[in-house]
1. For Lys168, go through the aspartates and glutamates and keep the ones whose alpha-carbon is under 17 Å away, minus same-chain ones fewer than eight residues off.
2. Using the Cα centre as the reference, give the magnitude of the dipole from point charges on the C-beta atoms of segment 58-257 (Lys, Arg: +1; Asp, Glu: -1; all else neutral), rounded to the nearest 20 debye.
3. Over segment 75-216, what is the relative contact order in whole percent, taking alpha-carbon pairs under 8 Å and six or more residues apart?
4. How much length, in nm to one decimal, is gained on full extension between Glu136 and Arg220, taken as 0.36 nm per residue of separation minus their Cα-Cα distance?
5. Of all DSSP beta bridges in the chain, what percent run antiparallel (nearest 5)?
6. Using only C-alpha positions, report the orientation-averaged shadow area of the convex hull of the chain, nm², one decimal.
7. If you take every residue apart from Arg72 with its C-beta less than 13 Å away from the C-beta of Arg72, what net charge results, scoring Lys and Arg +1 and Asp and Glu -1?
8. So, counting K/R as plus one and D/E as minus one, what does the shell of residues with Cβ under 14 Å around Thr149 add up to?
Amino acid sequence: MTFLGKIFTALALVALASCGGPSSGPAVMAGQGSGPQFGDSAPHPWIGGHPYDHPIHGIDISRWQGDIDWHRVRGSGISFAFIKATEGGDHADPNFRRYWREAAQARIPRGAYHYFYFCRSGSEQAAWFIANVPRERGAMPPVLDLEWTASKTCPHRPASHEVLREAKIFKDILHRHYGQRPIIYTTVDFYRDNNLGSWPEEFWLRSVAGHPRIVYPGQRYTFWQYTGTGIVPGIRGNVDLNVFAGSPAQWRAWLNQRLQ
């Protein structure tokens with residue numbers, strides 16, 4: 001039994017215990033292949049709902065995933081991939097171009113993300129991203145990753161108005177270049193500290209213990225990163241897993257609208 005299967009079984013048992021009646025069983029995922037064949041090396045109880053009834057699952061990756069068998073990844077039920085491209089104004093992930101090419105060859109929709117650095121301007125970082133990420137028909141929108149980090153080279157935590165100003169400069173430049181508004185990835189502490197709920201943007205939210213409707217009350221989102229300990233055939237070790245917040249038909253409609 002896969003880790004995901006074990007989780008489904010546990011959820012069904014919880015439902016039987018709490019409701020005193022039969023469970024309707026877990027939903028079947030509608031991924032690219034014969035999935036679901038992926039799981040979680042450290043599953044846990046969820047608060048306010050779980051991600052396993054979402055039909056569209058994906059991964060986000062960086063150099064730390066090493067060599068990837070993308071055809072096995074696709075066959076496991078993975079429907080999309082976000083790939084780290086750049087960080088700050090002078091760092092590029094050494095595996096980005098290879099992952100970008102291999103994911104396309106496996107026919108997995110993929111997008112590139114930039115890890116924002118608070119000691120470089122938004123315009124500098126946008127120029128660096130554009131220099132490293134091709135403008136390519138069929139790619140998913142670029143992603144701006146906004147989170148606090150314990151950086152040795154940049155311990156500075158700017159005021160909220162500075163964060164919003166520089167991040168807006170970055171995403172406006174990318175919007176003009178790629179023709180699609182960037183998706184905003186963020187964590188709960190950064191979201192709260194900088195009032196990101198005031199932004200009329202499309203969000204990818206990290207929430208690895210509770211459902212986003214509990215952790216980010218009232219916030220609309222398109223993607224939910226639900227674990228950093230995912231297990232996916234074709235990838236050695238743990239990997240981040242995500243879901244799309246919609247049905248297979250809504251996923252197809254989103255791709256039709258948001259691909260470059």
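Coordinate-derived values only; no laboratory data. Here the structure is a predicted model, which is why all the values come from computation and not from measurement. Backbone-built Cβ (ideal geometry, glycine too); neighbour counts: all protein chains shown.
1. List returned: Glu87, Glu124, Asp145, Glu147, Asp193, Glu201, Glu202.
2. Charge dipole of segment 58-257: 480 debye, to the nearest 20.
3. Worked out over segment 75-216, it gives 21 percent.
4. 27.5 nm
5. Here the share of antiparallel DSSP bridges comes out near 35 percent.
6. 13.8 nm²
7. -1
8. 0
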